[in-house]
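Let me begin by presenting the structure, written as structure tokens, before commenting on it.
Throughout, read-outs are computed from the coordinates displayed, never taken from laboratory work. Worth saying up front: this structure is predicted, and the values here are computed from it rather than measured. Positions of Cβ are generated from backbone atoms using ideal geometry, with glycine treated the same way; all protein chains shown enter the neighbour counts.
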Amino acid sequence: MLELLRELGAALRIPTSFVIIEFIGTMAFAISGIRLASSKRFDWFGAFIVGMATAIGGGTLRDLMLGVSPFWLTNNIYIIWCLVSLFWVVIFGKYLIRQKNTWFIFDTIGLALFNVIGIEKTLQMGFPTWTAIIMGCITGAAGGVIRDILINEVPLIFRKEIYAMACIAGGVVYIVGHVYLGFSSELNALFSSIVVMAVRILAVRYGWHLPVLKGEEDQK
């Protein structure tokens with residue numbers, strides 16, 4: 001098992017410990033996508049596609065922008081993990097659906113964990129810190145955009161709720177720890193994830209949002 005984690009870490013260009021973060025984030029995002037697909041009464045295959053797009057969409061876009069092969073094309077563990085997530089929802093579906101906040105919890109966890117994966121991978125490839133923050137945001141948020149498009153919803157990132165800004169806040173914390181405080185990657189990941197989850201939870205709890213751009217009707 002440890003050897004598999006090392007091989008995946010080398011292939012993904014991230015520390016071995018971050019592979020575990022990747023797996024947890026993949027399952028969290030896949031469950032969030034499948035959970036929303038179930039609310040639209042998708043069949044199993046449709047729900048699986050939505051869950052997989054949510055889980056791998058952001059990382060795929062990140063890798064294409066960084067000029068490397070998308071991570072899931074070199075190892076089928078991600079597809080298998082998304083299948084596991086599907087069966088998890090099928091088996092425990094009644095409980096997950098009954099708890100209205102389960103989608104939010106899994107989506108927030110996935111957002112925070114994928115954000116740090118994107119940041120660390122970009123830094124490992126030698127890109128500037130500002131690029132790492134952007135790639136972290138894309139890794140965390142783009143999968144949710146694809147998910148919302150597939151289920152015919154306005155992407156969450158374009159609505160009033162704080163989403164991508166939480167990733168940016170977590171990215172700044174990660175870079176400060178990496179550049180100025182000399183923290184380990186694992187400690188940076190911990191602090192960054194806590195900030196992302198805290199910002200999103202507090203934003204929803206207290207209704208924080210960015211100013212809304214006024215349209216023609218609002219100008220009258």
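Orientation-averaged projection of the stretch 147-207 equals 4.9 nm² [convex hull of Cα atoms, one quarter of hull surface area].
Inter-label distance, residue 172 to residue 40: 3.4 nm, where each label sits 7 Å from its Cα along the C-beta direction. Counting only Cβ charges, +1 for Lys and Arg and -1 for Asp and Glu, the dipole size of the stretch 2-208 around its Cα centre is about 640 debye. Look at 149, 56 and count the other Cβ atoms within 10 Å of each Cβ; fewest to most, that gives 149, 56. Placing R0 at 35 angstrom, the Cβ-Cβ distance between residue 69 and residue 24 gives a FRET efficiency of 0.95 after rounding to 0.05. Stokes-Einstein diffusion of the chain at 4 °C, 1.567 mPa s viscosity, Kirkwood radius from Cα pairs, rounded to a whole number: 74 µm²/s.
For the chain, the 222 nm mean residue ellipticity estimated from helices alone, with every DSSP H stretch of n ≥ 4 adding -39500 (n - 2.57) and the total spread over all residues, rounds to -24500 deg cm²/dmol. For a paramagnetic label modelled at 7 Å from the Cα of residue 127 toward its Cβ, which residues of the stretch 52-66 fall within the zone defined by backbone nitrogen distances under 18 Å? Answer for this model: 56-66. Here residue 202 and residue 76 are evaluated by their C-beta separation; at R0 = 41 Å the FRET efficiency comes out at 0.60.
Taking the number of Cβ atoms within 10 Å of each Cβ as an exposure proxy, the fewest-first ranking of 196, 154, 19 is 154, 19, 196. Of the residues 31, 146, the one with the fewest other Cβ atoms within 10 Å heads the list, and the complete ranking is 146, 31.
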